[in-house]
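The values are calculated or read from the model by the stated rules, or taken from the named source; none is laboratory data. Only a predicted model underlies this, so the values are computations on that prediction, with no experimental measurement involved. Using ideal geometry, Cβ is built from the backbone for each residue, glycine included, and neighbour counts are taken over all protein chains shown. These accessible areas exclude ligands, DNA and RNA; they are computed on the full protein's heavy atoms, side chains included. Shrake-Rupley method; radii C 1.70, N 1.55, O 1.52, S 1.80 Å.
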Amino acid sequence: MIKRFTLKKGLVISALLFVSFLAGAQSVIKGKVIAEDGEAIPGATVLIEGGTTGSITDLDGNYTIQAAPDDVLIFSFVGFESQRVPVNNQSRIDMTMTVDIAELSEVVVMGYSEKSRRELTASATTIGEKDLKNVTSSNIESMLQGKVAGVSVTTSSGSPGEPAEIRIRGVNSLTADRAPLVVVDGIIGGTYQPNDVASVTVLKDAAATSLYGSLASGGVLIVTTKQGKGDPVIEFSTSVGVKEITTGNFSMMNGSDLYDLQEIMWGDERVNFLKVRPEDLRDRDFNWLDESFKRGVLQNYYLSARGGTDKMTYAVSGDYYQEDGTLLETGYERMSLRTNLNFQLKENVSLKTNLSLISSERNQDFWDWRYDPFLYLPWDSPYSDDGSIKYIDNTSSEEWYGRDSKNVLHSAQYNYNNSKGLDFSGNAFLNIDLTDWLSIESRNRVSISHGRYESFYDPRTREGKASKGSISTSTAASKDAISTLILRGEKSFGKHTVGGFIGAEGNYYYYENLGASARNIPIGLNVIGAASEPVSIYGNNVTGTRLSYLSEMSYSYGGKYFVTGVFRADASSKFGPESRWGYFPGASASWIVSSEDFFVYNNVISFLKVRGSYGEVGNDNVGSNSFPYLSYYDLSDQYNGIPAATIPLLANNNITWETLVSRNIGVDLTFFNRINATFDYYNNTTTDLLLDVQLPLSTGFEIQARNVGEIRNQGVEAAISADIFKGNGINWTSSYNVAFNQSENLKFADTDQLLFGTDVNQISAVGEELRQWYLPKWLGVDPANGDPLWEKVNRDASGNVVSREATSNYNEAEFQRVGSVLPKLYGGWTNSVSYKGFSLSVLLSYQYGNKVYHSARQLFDNDGAYTEYNMMELQDGWSRWEKPGDDATHPLPKRGGNKLSNAPSSRYLEDGSYIRLRNVSLTYSFPQSVCNALKLQSLNLGLSGDNLYTWTKFSGLDPEARVSVAAFELPGFQDFKYPISKQYLMKLTARF
């Protein structure tokens, strides 16, 4: 008993002595953290490196912490560079922190000006090169998908060279909606290619976009290209990979399954069935999709040299991009050259020049090339017995069971649809510092573009046989010049800083085109001069001008209160003298609450800024009618061999600007010095809505452009980025963004609703969301007999609804609102992990809340209406009616169709929501020892995959559908789109 007591006591005493030793090894360290101007920094974090022990400075910048002599203290605060200081037995460590230029200036380039992140009062987001380039694409728009809150990026076509469709904070007009304005290196317009881009800034609220007036109703993308500085750097990068179409949940029937289904369609007519469908067809199974859509190669090579001195900097680059299409004979090729040269001519005079030259060529498909592979029967083969490709038409003796007697593989050998472009853009910026606070700047750009388009049907093909070969060719040229003169000033008085500018801007635009078509062309002579029969000739030219005055005034106090006001006046030749000028003001303010003395700092919130803004921007997108206030003559027609004139539109002398009024409230927060969050609420109202209004036939005109209504978009955006883990060589960062948007039609002139479309309709009604599908409502299948069912609405003499019932008569079904066209929320989530030279990045993008009209299903999910077309496989959960009592999704299939079951209705409306694995990238940065041995500054090898998987209920290849109006396609409408591609690439980047 005594021995046990002694042993236990000894252990306790030993533990107490050990703890005392550890406590004695640490000491109390005190100090003060200040900025370079001597002001205390409250809320700064002081941490022991590699541990979790830390302290926060008080209102006077003082801190206290316990640390061992060999510990290292890490000082950090938002907007300042982190500092690392060894303790080395010091009992007091004071710290003067340096402003982090890279963070505070992150440079938020606003176009006409630059602002630091701290002083920014508007809603804007900047994406740097590293975050931008993990996706490989021919255009920047696609690279932005899922990365910026409030920015919707839609890939409505997977055709090589086709840009993505981008909209910021919803669709702000019914028919005059426009894409964001692109500003390259501080001046409207210009050309660039993705490898030359250093950053993209998205301006979202009108306080930021008002300075661009009538061009910025869709928001603004500020593209900043790479500049040179310091020691010379030569960079070479190459990306090579393969691509294949995404198939999603979709598949077509094989020969056996289609045969069995058609046997059901014929019913009791088995003898007739076997006459037209011999039993050996069951064993035929040609896969048209596999033969028409092939793997393609994507390759990109980039070489640049950047550097400079105090007197001159340079950035020179060349780029080659080539992408095979997955569909027959399609592809895209681009070559570009760029120079960015900056000169310090005198101490107070600088000159910047940017020159860009881009040559491109694109082989596009004909619309039926996308259509045919899905509808051809698996019993038909494109090849003859000798392996040659068959020629098929209505007179062919070759066996062919499909309805459309043509072989797309044969046509694709000879026919083509080709476009070429050559674009030059040159910028010159001259800046003169008149005093230490006043400067004058001239910004100028000239762009020249030339394009050529040619479509050819060879006389050896079905399409060209009747015309003995036909060709249509056209050329287009444009010149665009813009010049801006700005007087800029900024002056500080103690804690007060006042700045701003005034400017004038002029823009001239000229466009011309000339085209002709002809027929009867000898084989092998694919030029219009070889044709013996002219068909048509056409041409036109348009000149446009714009004059603008612009100004900005900003004020800040103590680095924590910021106010900015902007104003722009635009005159456009698109409107008459009475309405030519538009005036667009904007104002914004921000308050850095965390810099106030009363703000109670703790170890949670380290930065807090509140923002608010109001602004107006215009829209003069009047479509193809460049001068809707004028009645003019169109001389493109002929009568009895002489020119004939028509008046294409009824003039509207009162037509004027469509105006977007934007209101925004935002909050920027930083938690624990490692989590950044931004929240915004916006309310955008579009007044004087531009719309083509239907006219009575008695006027002699079909439509007239008018200002007829008012709509609203409002929503909430959130963006959160965080350093999830840092330590032991592992860094894990995560970024998430989401945007909720709600649209509403507020009023229309002379009506409470507008209809769009022909067979498939959409409606815009006052008090409802911007666009809704307007179709007969599908109720499913009658379990008793397998007939289709729609909803019949019974009304009294006054038009009031008295009851609803099911009907199998399509003509009794009432058109009604059956779903949302536009998504209600969208966003993305990025995670990046790095460890010992390896970096892994994963990007997810998503959208929710819209309905897509899957129009193609009317043809390949038709219940027997088109027995000469192939059919799609049923999705999981779908079933066909077979016997009384079946609870089926699809009616009884009958040859010739089942009571118009495939007519337009909500049957073909599908959920357009999805989550997409947009990109996975793995990069290895070689050790510096390897780079030194190879005489390189750096060497990176990467593997990436794009569009790898999509989680969706949509039955087609891909749920993405356009959100804007096209010439022959409504928003949310999906026919036979060119499928998007999965891409697998390897990239090597070396810097010398």
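At what distance in nm do the modelled label points of residue 873 and residue 309 sit from each other, each positioned 7 Å from its Cα along Cα→Cβ?
6.8 nm
Which one of 934, 542, 360 is farthest out on the positive end of the charge dipole of the chain, using unit charges on Cβ (Lys, Arg +1; Asp, Glu -1) and the Cα centre as origin?
Farthest towards the positive end: 934.
Where does helix 255-266 land angle-wise versus the long Cα axis of the chain, in degrees 0 to 90, nearest 10?
So the helix axis and the longest Cα principal axis differ by about 50 degrees.
For the stretch 484-559, which trypsin sites (Lys or Arg not before Pro) pass both filters: DSSP loop (anything but H, G, I, E, B) and at most 11 other C-beta atoms within 10 Å?
495
Shape of the stretch 107-235 from its Cα gyration tensor (a ≥ b ≥ c, root eigenvalues): rounded if a/c is under 1.5, otherwise prolate when a/b > b/c, or oblate?
Judged from the Cα gyration tensor, the stretch 107-235 comes out oblate (a/c at least 1.5, b/c at or above a/b).
Please work out the FRET efficiency for the pair residue 732 and residue 88, using the Cβ-Cβ distance as r and a Förster radius of 35 Å; give the result to the nearest 0.05.
For R0 = 35 Å, the calculated efficiency reads 0.65.
If you stretched the chain out fully between residue 667 and residue 36, how much longer would it get, using 0.36 nm times the residue separation minus the C-alpha to C-alpha distance?
224.5 nm
What is the distance in Å between the Cα centres of the stretch 220-272 and the stretch 617-646?
Computed from Cα coordinates, the inter-centre distance equals 40 Å.
What length, rounded to one decimal in nm, is gained on full extension from residue 487 through to residue 654, with 0.36 nm per residue of separation minus their alpha-carbon distance?
Full extension of this stretch gives 56.6 nm more.
Would you work out which of 124, 188, 136 lies farthest towards the positive end of the dipole of the stretch 107-235? Charges go on Cβ: Lys and Arg +1, Asp and Glu -1.
Among 124, 188, 136, the one farthest towards the positive end of the dipole of the stretch 107-235 is 124.
How many angstrom separate the Cα center of the stretch 285-324 from the Cα center of the stretch 900-931?
Value for the Cα centre distance between the two parts: 21 Å.
Could you pull out every one of the aspartates and glutamates with an alpha carbon less than 14 Å from that of residue 479, ignoring same-chain neighbours closer than 8 positions?
Filter leaves 423, 512.
Counting only the heavy atoms of the protein chains, how much of residue 175 is accessible to a 1.4 Å probe, in Å² to the nearest 10?
Approximately 60 Å² for this residue.
Mean separation of Cα pairs under 8 Å and 6+ residues apart, divided by the residue count of the stretch 581-709: what relative contact order is that in percent?
Dividing the mean separation by the residue count of the stretch 581-709 yields 23 percent.
In degrees from 0 to 90, rounded to the nearest 10, what is the angle of the helix 2-25 Cα long axis to the longest principal axis of the chain?
Roughly 90 degrees, rounded to the nearest 10.
Taking the alpha-carbon distance from residue 491 and a cut-off under 17 Å, which lysines remain once sequence neighbours fewer than 8 residues away in the same chain are dropped?
Here the lysines satisfying the reach criterion relative to residue 491 are 115, 560.
Along Cα→Cβ, 7 Å out, is where each label goes; now give me the distance between the ones at residue 368 and residue 751 in nm to one decimal.
For residue 368 paired with residue 751, the spin-label model returns 3.5 nm.
For residue 337 and residue 809, compute 0.36 nm times the residue count separating them, minus their Cα-Cα distance, and round to one decimal in nm.
So the extension gain works out to 163.6 nm.
Towards the positive end of the charge dipole of the stretch 794-927, with charges on Cβ (+1 Lys, Arg; -1 Asp, Glu), say which of 891, 917, 830 has the farthest Cα.
With unit charges placed on the Cβ atoms, the residue in question is 830.
What figure in square angstrom, to the nearest 10, would you give for the accessible area of residue 94 with a 1.4 Å probe?
Approximately 90 Å² for this residue.
Considering only C-alpha atoms, what is the centroid distance from the stretch 378-457 to the stretch 703-780, in Å?
31 Å
Can you sort 108, 842 by 1.4 Å-probe accessible area, starting with the largest?
Sorted descending by solvent-accessible area, the residues read 842, 108.
Given Cα pairs under 8 Å that are at least 6 residues apart, what percent is the relative contact order of the stretch 27-96?
It rounds to 38 percent for the stretch 27-96.
If packing is taken as the average number of other Cβ atoms within 10 Å across a peptide's residues, how do 703-712, 414-423 rank, most packed first?
Highest-to-lowest ranking by the protection proxy: 703-712, 414-423.
Holding the Cα-Cα limit at 31 Å, pick out from 468/894; 147/935; 243/777; 130/204; 935/987; 130/953 the pairs that are longer than that.
Beyond 31 Å: 468/894; 147/935; 243/777; 130/953.
With a cut-off of at most 11 other beta carbons within 10 Å, and DSSP calling the residue loop, which GluC sites (Glu not before Pro) in the stretch 343-403 qualify? Please list them.
When the GluC sites (Glu not before Pro) of the stretch 343-403 are filtered for loop state and at most 11 Cβ neighbours within 10 Å, 347, 399 remain.
Please list, or write none, the lysines whose alpha carbon is within less than 21 Å of the alpha carbon of residue 346, excluding same-chain residues fewer than 8 places away.
Those lysines meeting the cut-off are 229, 311.
At a Förster distance of 35 Å, what's the computed FRET efficiency of residue 435 paired with residue 543, Cβ-Cβ distance as r, to 0.05?
0.30
About the Cα centre of the stretch 869-992, how large is the charge dipole given +1 on each Lys and Arg Cβ and -1 on each Asp and Glu Cβ? Please answer in debye to the nearest 20.
Computed about the Cα centre, the dipole is about 400 debye.
Restricting attention to the stretch 908-983, which trypsin sites (Lys or Arg not before Pro) occupy a DSSP loop and are surrounded by at most 13 other Cβ atoms within 10 Å?
935
As an exercise, use a Förster radius of 25 Å and the Cβ-Cβ distance of residue 580 and residue 444 to find the FRET efficiency, rounded to the nearest 0.05.
0.55
Run the quick spin-label model on residue 801 and residue 428: label points 7 Å from Cα toward the beta carbon, then report their separation in nm to one decimal.
6.7 nm
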